[in-house]
Each structure stands twice: as structure tokens, then as C-alpha cells.
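Notes follow the structure.
Since every read-out is calculated from the coordinates, none of them should be taken as a lab result. It should be emphasised that the depicted structure is a prediction, and the values quoted were computed from it without experimental measurement. Neighbour counts run over all protein chains shown; Cβ positions are idealised from the backbone, glycine included.
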Amino acid sequence: MSSQPVFWLRCEKKPFEKRAALTPTTAKKLIDAGFEIIVERDEQRIFDDSEYEAVGCKLVENNSWPSAPKDIPIIGLKELPVSTDPLPHTHIHFAHCYKNQAGWTDVLSRFDRGNGTLYDLEFLEDASGRRVAAFGFHAGFAGAAASALAFAAQRRGEKLGQLNPYANETAMIEDVKKKLGGSGKGVKALVMGALGRCGRGAVDLLRKIGLEEDDILKWDLAETAKGGPFDDSKIPSFLTHNTIAASGESRRLRVVVDVSCDTTNPFNPIPIYSINTTFSEPTVGVDLPSGLPSLSVISIDHLPTLLPRESSEQFSIDLLPSLLEFPNRNTVRVWTAAHKLFAKKMEEAKAAA
């Protein structure tokens, strides 16, 4: 590594992904602390290139990170496009390959063949095991908004069409309320994990679009400790095809949002769908016996990009203290633990290949 610490912010290739791991705000804080920040030009990103230039970042061509010097860490958000190319750099992003997801060994083999390193953002944890930065609040906030939009479309006898990221929170709330006929009053919602990051975000959105407090059912550990309306099994499921069918024609549930989106995870607690949905096709119908009310699932794995500016700022500010310590990653716990986990998963991938 050069004497001056550097981060290279790559563009995102996932469709509709407008967030950024580094915002102009956090980039400036890193620059003020002595870092050099290199930013790929990206018309898709919610932050304009000029916003990064204005705070002192060096702008480079879109998707040019593969030719970057090998000692410069590459930071992004979502997983890299599928490829067999070896990865020789140090990468910091959400790779979605530590829970036996589909293709996980292929992803890790790229690091093995390139002698690169992965610090997965999902597994950067403090001493108490809590993630140092997460999109949970805005995932819940955006997930609740998407569910309300899908519910409104169902009431009109339609299927929810393409979702487009909003410029800001006010625009989102106004649009959702408008689609619901002016307010969410009269709509009932159940939030599971209501005291966690995602749950708090969902409850916040539901309140802001007008749901009455008694119509927001908040479940957390206390409410689910004794079990719930799901069949007991070795891996308890929150909802199954059987429980949905058993509720018959009187079922009121119309939309399910699975924020975790671990669709291919064998331990998925909502095994009623088999594909991740997208911003262009946000819902998938659950296969049910004829005569039963329809049920839609939203399983978009980057929901916070529905509100990209606010969610990026919150995440990046939370991540900043750890990024400031990255030059000492061989001794700082958050980074040494993440590297140890990477090495462990790499060995598991080799054994499974």
C-alpha cells in the first residue's frame, strides 16, 4: 500500500441501484482525515459526480476498477456481476455468499484464484456482535412503502408495476398516501421484529402514511416466544403454503414483504416463494388453490434504494468510524474478525466445490 490510505468507490451494476457506500459527505470526512478517495463516474448513482468532485474526490471512468492498482481497496455495495474472472483486489461490499446462497462457491473461488480478499459489509461487527452499519431501518421503511403500494394496486384489481426510487422521503410518503386514496387509515399491517432496525423503519413509514396505531400490529420476541400461527418443524416457518390455504376464503393477508430476501437459503422462514423480485417486477404471486384470495410477495434484495439518498447517508455515516480504522485492519477487531470469517468461508467453499 502507498503511504496515503486510499479507497476506490466503484459504480453499481445492479439495475435500479442508486445508493453509494461512500457519499460526498463521508468522502469529505475521509479526505479531511488524510485519505485519497477515487470515485467512478456513475449516472445511475443518486449523487452526481460533481458532488464528489466538489469535496476533493478524484473522478475516474465508469467500471474501471478491474485495472486499478492491486493495492487499492475497492468499495461498493451490492455483489459484483457474475463472472469467472479472478479477483486480486481487496473488496468491501455485500457479497451474499456466506449463507450457502446459490453460487456462493463460485463467488469465493474468484477471490481464491486472484488471491484477493473480501470484507463483507454484512459481517462487520463490533465487540458485542452488532453490525457497525446496516440498511435495516430504510429496508423496513421502503419495504412498508412497497407493501402499501402493492396493496393499493390489488384494491384496484391491478398488479403493482415498476417501482422507481424516490428523490426524498417526503416524495415517497406523498405518493404512497395518494395511491391509497389519501391516507392509509383503515389498512392493517403486521410487523414481525418490530423492535429491530427493519421493524422500526416499517412502523415509522406506516405511521407517516396514516395507519392508526391500533392497526399496526407489532410483534417481537415477546409476542413470538410461545410460537405463532405456523406449523412446528425442525426449522419453524413463519408462513407456509399450508397455513395460508388453511385460512381459507376469509384470509385478510394480501401482501408479504420479506426484507431478508434469503430466497435460496435452505433456512428461509418464509418458504412461500422461490425467486427474488425486482424493481421492474416487484411482486410474485403465491401458488394457491383456486378460489382463495390472491397473495403477493415482495422480495427485492435492495429495497433501501427506493430511498437512495437518505439510506446511503445513514449507512455511510455509520460505516465511517470503521473505514477510518481500515489502514490498521490487521489489528483493529472489526476488520480482523471479518477477515477471519472470510478465511473460514473460503475453506468451506473449497471443501464444497
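Annotations
- Gaussian network model of the chain, springs between alpha carbon atoms under 10 Å - residue of 79, 213, 40 with greatest fluctuation: 213
- With K and R counted +1 and D and E -1, the other residues having a Cβ less than 11 Å from that of residue 24 yield a net charge of -1.
- Dipole of the chain, positive end: most advanced residue of 327, 176, 353 [Cβ charges, Cα centre]: 176
- Partners of residue 350 within straight-line reach, counting lysines whose Cα lies under 16 Å from its Cα and excluding those fewer than 8 residues away in the same chain: 99, 340.
- Counted by neighbouring Cβ atoms within 10 Å, the residues 342, 7 run from fewest to most as 342, 7.
- Percent antiparallel among DSSP beta bridges (both partners in the chain, rounded to 5): 10 percent
- Net charge in the neighbourhood of residue 39 (other residues with Cβ under 10 Å of its Cβ; Lys, Arg +1, Asp, Glu -1) is -1.
- Total lysine pairs in the range 188-329 at Cα distances under 17 Å, for residues eight or more apart or on different chains: 5.
- The order of 52, 273, going from fewest to most other C-beta atoms within 10 Å of their C-beta, is 273, 52.
- Reachable lysines from residue 159, criterion Cα separation under 18 angstrom, eight or more residues apart if same chain: 177, 178, 179
- Exposure proxy ranking, count of Cβ atoms within 10 Å, fewest first, for 172, 346: 346, 172
- Over the chain, relative contact order from alpha-carbon pairs under 8 Å, at least 6 apart, %: 19 percent
- Paramagnetic reach from residue 339 (point 7 Å along Cα→Cβ, amide N under 15 Å) across the range 1-41: 1-2
- Counting Lys and Arg as +1 and Asp and Glu as -1 over every other residue whose Cβ lies under 15 Å from the Cβ of residue 343, the net charge comes to +1.
- GNM on the chain, alpha-carbon springs under 10 angstrom: the most fluctuating residue among 276, 100, 242 is 242.
- Antiparallel DSSP beta bridges within the range 136-306, percent to nearest 5: 20 percent
- Taking the Cα centre of the range 136-306 as origin and assigning +1 to Lys and Arg Cβ atoms and -1 to Asp and Glu Cβ atoms, the resulting dipole is close to 360 debye.
- Candidate membrane-span-like segments in the chain, meaning DSSP H helices with Cα atoms spread over at least 24 Å of their own axis and a Kyte-Doolittle mean of 0.5 or above, are 136-155, with no membrane implied.
- Size of charge dipole - the chain - debye, nearest 20, with Cβ of Lys, Arg +1 and Asp, Glu -1, no other charges: 460 debye
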